[in-house]
Amino acid sequence: MPLAKTVKINKCKVCGYEMVGYMGKCPECGAFGSFEELSRSSEGSTSERRPRADITRLKQIKTSNSQRIKTSLEEFDRVMGGGIVRDSITILTAKPGAGKSTILLQVANDLAAKGIKALYATGEESTSQVKARADRILKNISDDLYIVSDNSMDSVLGVIDQVDPDFVIVDSIQTFVLDSFPGSRAGSPTQTMECAYELVKVAKSSNKPRMVFVVGQMTKEDELAGVRALEHLVDTVLVIEGDSGEELRTLFSTKNRYGSTGEMGFFNMTEEGLLSIDNPSEYFMTRRSEGSQVSGSALTVVKEGTRPIILEVESLVSHSFTPYPSRIGEALKREQLNTLISILEQRGGMSLYDKNVVIKTTGGIKLKEQSSNLAVIMSIVSSVKGKAIPSGTVFLADVGLTGEIKKIPSLDGRLREADRMGMTTAFVPFDASVKSKFENLSVKRVRNLKEVIDTVLK
């Protein structure tokens, strides 16, 4: 039997960071003079104490056919990749008031109503506070929805063993501590990571795989608070965007091991909680009658993940009383807006050197694709001329520096969405390949920007 050895280590009293040797400043939390010397017994060499892992051929591993659990929130399932994977851990982050706790409480109650036992563990609120929110947003609280209010991760793990839930929510990870790290405070890198490691074990257990959701606080810089390594530890990272003063909430993933990171889900924040916007095209455009058309508005079709969405681009062009007119693009980068204005001036024959130009979209969706460039330019032209673009017109093309109309990807899918929403005219590149047939939509092929302007705004 190997003899026990005594190892001298130094441990930070603030965050629990351990190291051999001594430093004046802790490299983990930055505290000065926080290290204390400890003695630790080590039995035998590392190789003698190392556990032996079982080795299995990859082709012999059996996968489950029922990995994904669907909820009644279609927009939530879309972002998750078609549902929640049973043995997965997900972190959800957003600014305060965005609806993190609300949407997870809705998901938990929805799954509980289907017979999937759910546990909501909160370290921020009391049980009465969570119950008050549940009474407000949930019509019927399921009998299979359990709650525990405690900031001890050891207590939560004990409750998990006792209740044996299939779905676990921890709100929020930065408020929990493990008793085995008494020197570090809640929210420190050590506590956050160690608590997360315990939850990964809960989710990935071979005896009872579980769905685990962790709420993560967001910093003022719109980043996940704590260590960035937390994002690498989990399977999925979800983010909710939306101003607290507005109803629209956008859910998307920055990491998803089980699906695409390009999908977006749209919700309305109401008194009854977050409600799915199942038809975003209806939401992100303004329906106007023939006699109430306004200048400065143009429609396009953007792709958010695999889904085409009709989007309204609005422009306001006004005379500038300063030598340097404003260029404000709430929905696109300023450099992109300046480029499009230059193209319009040089290739479209319009003078904007003394004009302020403001661009926004209905709902505040960012214009990430080049496919919306023609719509942006036409909305500016419409505002300058003071003429409304005919109702039911959409623009599906990019505009080159030469003024030529360029092709865009997934044109057929965008055209089908425009046809579904009752659009009547679509302007596309002259050499675009259109295979679909439409009930209401007429496709007009154009070569350059000047041709589009002359055709639409005669």
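Computed from the coordinates by the stated procedures, all read-outs in this text should not be read as laboratory data. Just so you know, these numbers come straight off a predicted model, no measurement behind them. Cβ placement follows ideal geometry from the backbone for every residue including glycine, while neighbour counts extend to all protein chains displayed.
Odds and ends about this structure:
- Per DSSP, loop trypsin sites (Lys or Arg not before Pro) in the range 403-437 with at most 10 further Cβ within 10 Å: Lys435, Lys437
- Two-site label geometry, Glu282 and Ser320: point separation in nm, points 7 Å out along Cα→Cβ: 4.2
- Residue-span extension gain [Phe32 to Ser205] - 0.36 nm each, minus C-alpha spacing: 58.3 nm
- Dividing the radius of gyration of the alpha carbons in the chain by their Kirkwood radius gives 1.08 for Rg/Rh.
- Counting Lys and Arg as +1 and Asp and Glu as -1 over every other residue whose Cβ lies under 14 Å from the Cβ of Ile341, the net charge comes to +2.
- The Cα-based radius of gyration of the range 283-456, divided by its Kirkwood radius, gives an Rg/Rh of 0.94.
- Magnitude of the charge dipole, the chain, Cβ model with Lys/Arg +1 and Asp/Glu -1, debye to 20: 1420
- Neighbour-limited loop hits for chymotrypsin sites (Phe, Trp or Tyr not before Pro), the range 240-296 (at most 14 other Cβ within 10 Å; DSSP other than H, G, I, E, B): none
- Across the options Gly348, Thr102, Ala196, the greatest Cα extent toward the positive end of the charge dipole of the chain (unit charges at beta carbon of Lys, Arg, Asp, Glu) belongs to Gly348.
- From the Kirkwood radius over Cα pairs of the range 393-456, Stokes-Einstein at 10 °C and 1.306 mPa s returns a whole-number translational diffusion coefficient of 134 µm²/s.
- The lysines whose alpha-carbon is closer than 26 Å to the alpha-carbon of Lys406, local same-chain residues fewer than 8 away aside, are Lys303, Lys333, Lys360, Lys366, Lys368, Lys385, Lys387, Lys435, Lys437, Lys444, Lys450, Lys458.
- Near the amide H of Gly187, within less than 5 Å, lie the amide hydrogens of Phe176, Thr192, all on another chain or at least 5 residues away, with H placed in the peptide plane.
- Global geometry of the range 67-278, whether rounded, prolate or oblate, following the gyration tensor of its Cα atoms and the 1.5 cut on a/c: rounded
- Shape class of the range 93-187 from the alpha-carbon gyration tensor: oblate, with a/c at 1.5 or above and b/c at least as large as a/b.
- Among residues other than Met269 with Cβ under 15 Å from its Cβ, the summed charge is -2 (Lys and Arg +1, Asp and Glu -1).
- Of all DSSP beta bridges in the range 67-278, antiparallel share, percent nearest 5: 40
- Around Asp398: net Lys/Arg minus Asp/Glu count, Cβ-Cβ under 12 Å: 0
- Across the range 380-390, coupling constants 3J(HN,Hα) worked out from phi with the 6.51/-1.76/1.60 Karplus curve, θ = phi - 60°, read 5, 4, 4, 5, 5, 6, x, 10, 7, 6, x Hz, and Gly and Pro carry x.
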